[in-house]
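**Q** The structure follows.
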Amino acid sequence: MLRLLIADDSALMRKYLSEIFKAEGDFDVRLARNGAEALALALSFAPDVITLDVNMPEMDGITCLSRIMVECPKPVVMVSSLTGNGAEVTLQALALGAVDFIAKPDGTVSLHIDKIRAELVGKVRGAARARLRPRRGLSERVRTGEGSRSPAPSRLPAGIPPAAAATEGEPVRGLVLVGVSTGGPGALECILPRLSRNFPWPILVAQHMPKSFTGVFARRMGELSELDVIEVTRPMPLCRGVVYIGCGDADLLVGSRGGKLTAFSMPASPHHPWHPSVDRLVESALKHLDPKQLLGVMLTGMGNDGAQSMADLRSRGGRTIAESEDTAVVWGMPGELVKRDGASLVLPVQLIAGQLRLWAT
């Protein structure tokens, strides 16, 4: 039996979530009405997984999460609203150590709860197998109250940043293609800040995320890195030293416009289950560049998105990296690439940036 703790201040939401997991037949479920109760049960019940609402009385979800990760680390799936503020807080939760998140259904809960049933159960089961990544300095942040503060509002990036505009006329010699899902924000935080502003190739990232999250996510990555980070919402010429984040609920493709390699945001393909699709990104890049000009990076995530296309990339002369099982939160996507003999190298996440610098020179 999997021990599951559900924390939500809504009695109706607790009822429906509890029914979903009890119907699975292999969950022992306990309920908490607020963060204080959740923290106490995390210590006494010792759950395998916790689902944690963001907005709760007495102790909010972020404060509770930070305390859990210090006092009794457990895999946590955040339950968040699909708003700009909800995205900010959810990304803060992922930075504090949450494994994944699920969007609360819009409208009447009883009418829309079935829309998230399969995804919720899948993410909780995946979280039960997740490897928690240590968060340096978290104890001190919790002690000083930093870990529970809401993020300061800031402006989303608009258009092409100055550094990218300065390199628009320069030819692109190669591309880095990154596929990532569950645990992705933490993995990218280990890679992008280790790359300098003069990194010679554009980096395109297919991170499985809803549309309302990817703009906030791009801005957050940009704040942590010397590189310019842009959410792709329209055709954008590819420039060196720039990271292009695929817009959520759509697909990120490489194409040509006016003779220049360009990033496009295209409607999500109904033939691919995850978006932005890693497979579509890699397949599109192979149509426009020699495989030897492409570097594929498969990071943490559930499922197998991108495994076949990156294996094809390697078989045609390209180079690929799979994140190692030792550092991946979920070794699904990189593990599938390794199974297909599609990884040129298998590396812990902290060594990936160095290898990219070596290969891209």
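The values are calculated or read from the model by the stated rules, or taken from the named source; none is laboratory data. Keep in mind that this is a model prediction, so the values were computed, not measured. Cβ atoms come from the backbone with ideal geometry, glycine included; neighbour counts cover every protein chain shown.
**Q** How many residues are over 14 Å from Arg133 (Cβ atoms) and in a helix (DSSP H, G or I) when one looks only at the stretch 312-351?
**A** Result for the stretch 312-351: 12.
**Q** Same structure, new question: Looking at the stretch 223-262, which of the residues that are among the aliphatic types (A, V, I, L, M), without any contact (Cβ under 8 Å) to a residue 60 or more places away in the chain and under 23 Å from Arg357 (Cα atoms) is surrounded by the fewest Cβ atoms within 10 Å (Cβ to Cβ)?
**A** Among those that are among the aliphatic types (A, V, I, L, M), without any contact (Cβ under 8 Å) to a residue 60 or more places away in the chain and under 23 Å from Arg357 (Cα atoms), it is Leu224.
**Q** Look at Asp305 and say whether it is within 21 Å of the chain's Cα centre (by Cα), closer than 29 Å to Val99 by Cβ and either modelled with pLDDT under 95 or buried (at least 23 other Cβ atoms within 10 Å of the Cβ) (or both).
**A** Working: within 21 Å of the chain's Cα centre (by Cα): yes; closer than 29 Å to Val99 by Cβ: yes; either modelled with pLDDT under 95 or buried (at least 23 other Cβ atoms within 10 Å of the Cβ) (or both): yes.
Yes.
**Q** Before we move on, is Asn85 of a type outside the set (Ser, Thr, Tyr), assigned by TED's automatic domain parsing to the domain that holds Arg125 and more than 19 Å from Phe217 (Cα to Cα)?
**A** no
**Q** Among (1) over 26 Å from Pro200 (Cβ atoms); (2) more than 15 Å from the chain's Cα centre (by Cα), there is one condition Ser256 misses while meeting the rest; what is its number?
**A** (1)
**Q** For the structure I just gave you, tell me whether Arg197 is within 16 Å of the chain's Cα centre (by Cα) and farther than 21 Å from Val278 by Cβ.
**A** On the way: within 16 Å of the chain's Cα centre (by Cα): no; farther than 21 Å from Val278 by Cβ: yes.
The answer is no for Arg197.
**Q** Further, regarding this structure: Can you pull out the residues in the stretch 163-181 that are modelled with pLDDT of 90 or more and part of a loop (DSSP other than H, G, I, E, B)?
**A** Residues of the stretch 163-181 modelled with pLDDT of 90 or more: 172-181.
Selection gives Val172, Arg173, Gly174, Ser181.
**Q** Just wondering, is there one or more residues in the stretch 89-97 that are more than 17 Å from Ala187 (Cα to Cα), surrounded by fewer than 16 Cβ atoms within 10 Å (Cβ to Cβ) and either in contact with a helix residue (DSSP H, G or I) (Cβ under 8 Å, 6 or more places away or on another chain) or at pLDDT below 90 (or both)? Spell out the reasoning first.
**A** Restricting attention to the stretch 89-97, the residues satisfying the condition of being more than 17 Å from Ala187 (Cα to Cα) are 89.
Cutting the leftovers down to surrounded by fewer than 16 Cβ atoms within 10 Å (Cβ to Cβ) gives us none.
No; the residues of the stretch 89-97 include none that is more than 17 Å from Ala187 (Cα to Cα), surrounded by fewer than 16 Cβ atoms within 10 Å (Cβ to Cβ) and either in contact with a helix residue (DSSP H, G or I) (Cβ under 8 Å, 6 or more places away or on another chain) or at pLDDT below 90 (or both).
**Q** Moving on to the next point. What do you reckon, is Asp279 closer than 24 Å to Ile191 by Cα, touching a Lys or Arg at 6+ places or on another chain (Cβ under 7 Å) and of a type in the set (Asp, Glu)?
**A** Criteria not met by Asp279.
**Q** Separate question: Does Leu345 meet the test of being under 16 Å from Ala187 (Cβ atoms) and either in contact (Cβ under 8 Å) with a residue 40 or more places away in the chain or not hydroxyl-bearing (Ser, Thr, Tyr) (or both)? Give the derivation first.
**A** Working: under 16 Å from Ala187 (Cβ atoms): yes; either in contact (Cβ under 8 Å) with a residue 40 or more places away in the chain or not hydroxyl-bearing (Ser, Thr, Tyr) (or both): yes.
For Leu345, the condition - under 16 Å from Ala187 (Cβ atoms) and either in contact (Cβ under 8 Å) with a residue 40 or more places away in the chain or not hydroxyl-bearing (Ser, Thr, Tyr) (or both) - is met.
**Q** Let me ask something else. Look at Arg220 and say whether it is outside any strand (DSSP E or B) and either in contact (Cβ under 8 Å) with a residue 60 or more places away in the chain or β-branched (Val, Ile, Thr) (or both).
**A** Taking the combined requirement at face value, the residue satisfies it.
**Q** Shifting gears a bit: Only one of Val278, Val242, Val216, Val282 is modelled with pLDDT under 95 and closer than 28 Å to Gln350 by Cα. Can you tell me which?
**A** Result: Val216 is the single residue among Val278, Val242, Val216, Val282 that is modelled with pLDDT under 95 and closer than 28 Å to Gln350 by Cα.
Listed here are the residues, each with its yes/no results for (1) part of a loop (DSSP other than H, G, I, E, B); (2) over 30 Å from Leu224 (Cα atoms); (3) out of contact with any strand residue (DSSP E or B) (no Cβ under 9 Å at 6 or more places or on another chain); (4) not assigned by TED's automatic domain parsing to the domain that holds Lys211.
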| site | (1), (2), (3), (4) |
| --- | --- |
| Gly25 | yes, yes, yes, yes |
| Leu65 | no, no, no, yes |
| Pro73 | yes, no, yes, yes |
| Val77 | no, no, no, yes |
| Ala93 | no, no, no, yes |
| Phe101 | no, no, no, yes |
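**Q** Filter the stretch 308-329 for residues that are surrounded by 24 or more Cβ atoms within 10 Å (Cβ to Cβ) and hydrophobic (A, V, I, L, M, F, W, C) and give the result.
**A** Met310, Leu313, Ile321, Ala322, Ala328, Val329
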